[in-house]
Amino acid sequence: MPDLIDIDRPDDPRIADYANLKDAALREAEFRGDRGRFIAESELVVRTLIASTYQVQSVLIDRSHLHRMADAFAHLPATTPVFTVDATTMTAIAGFQFHRGVLACGVRPAATDWRNVASAARTLVVLEGIANPDNVGAVFRNVACLAGKGGGVLLARSCCDPLYRKAIRVSIGHVLSIPWAFIEPWPAALAELAEQGFTTLAMTPDPRATDIAECSPQSIPKPAILIGAEGPGLTPAAMDTCRVRTRIPMAPGTDSLNLATALAIALQRLVVPR
């Protein structure tokens, strides 16, 4: 069990990783993935981080929550600092209350080669232009639940970094367990997926696209599902690389489904989870 370190001032330099998390410049750096560290918030996500292969730099916790996290902390190296504070100091440090009493700082690992993610996967979700961290987090949650082992996520650089704090929270920590990588060059690299046996499917509301009901795990055993941002969708360059264009039938007069909802339908139709 790591030693507990009491903190009584929000400006204590030892907890600088947690200070002013709502700062605009800091959030922009996190969005781009420019920081060497990332923040996990809430008991469930911090537990997931501790159980993952990611290195935990430190933990910051409201003292009243210590009894609930003791079993998880037992798995931390003895050298990992666990900073304890009261509730008021906790909020003063972070600048928000969504932490639910516990935050942890993780170390960003070296970038993964997207080819390694693809070669180990049997189902891929490929994202382009997804700047909303809620949507990125929801994608990882869907992949974890509906693809299971063998699922992976590839992202164009136009997407929010998956280790952005809100993306991790919305994914309920699945960002830390689902293999992912940025895929480059975009979109030329998509052509290599076919060499690994993947069928690339572009999700689109275009009525000329194939009804997803006509697709199945038997007809497409290794799908790579491409999804673009809500509104513009996939760029023509990305769409042109895809072998199949598929749509989800919708009621007349409606525009499109939320991308996470559309992905859930596609995964449920195309993948047998493991």
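Some points to look at:
- Three-way shape call for region 114-270 based on the alpha-carbon gyration tensor, with the a/c threshold at 1.5: rounded
- With eigenvalues of the C-alpha gyration tensor scaled by 5 and rooted, the chain, Å: 38, 18, 16
- The chain - mean residue ellipticity at 222 nm from DSSP helices (-39,500 (n - 2.57) per run, n ≥ 4, rounded to 500): -8000 deg cm²/dmol
- Share, in percent, of DSSP beta bridges within the chain that are antiparallel, nearest 5: 30 percent
- Net charge contributed by nearby residues that have their C-beta within less than 10 Å of Val102 (K/R +1, D/E -1): 0
- With a cut-off of 13 Å between beta carbons, the residues surrounding Arg274 carry a summed charge of +2, where Lys and Arg count +1 and Asp and Glu -1.
- Across region 115-127, coupling constants 3J(HN,Hα) worked out from phi with the 6.51/-1.76/1.60 Karplus curve, θ = phi - 60°, read 5, 5, 4, 5, 5, 8, 9, 10, 9, 10, 10, 10, 10 Hz, and Gly and Pro carry x.
- Checking every one of the trypsin sites (Lys or Arg not before Pro) in region 161-230 against DSSP loop status and a limit of 14 other Cβ atoms within 10 Å picks out Arg208.
- Classified by the C-alpha gyration tensor, region 182-274 has an oblate form. Its axis ratio a/c, with a ≥ b ≥ c, is 1.5 or above, and a/b does not exceed b/c.
- For Ser42, nonlocal amide neighbours, meaning residues 5 or more places apart or on other chains whose placed amide H falls under 5 Å from its own, are Val102.
- Under 5 Å, built H, 5+ apart or other chain: amide partners of Arg37: Arg108
- Region 4-107 shape via C-alpha gyration tensor axes, a/c threshold 1.5: oblate
- Order of Cys215, Cys242 under a 10 Å beta carbon neighbour criterion, fewest first: Cys215, Cys242
- Distance between region 123-152 and region 172-202 - C-alpha centres, whole angstrom: 11 Å
- Electrostatic bookkeeping for Ile50 treats Lys and Arg as +1 and Asp and Glu as -1; over the other residues with beta carbon under 12 Å from its beta carbon, the sum is -1.
- Proximity of backbone amide H atoms, modeled 1.01 Å from N, is registered between Phe83 and Ile5, Val59, Leu60, Ile61 at under 5 Å, excluding neighbours fewer than 5 places apart on the same chain.
Read-outs throughout are calculated quantities, based only on the coordinates presented, and are distinct from any laboratory measurement. Everything numeric in this text was worked out from a predicted model, so none of it was measured. All Cβ positions, glycine included, derive from the backbone under ideal geometry; neighbour counts span all protein chains shown.
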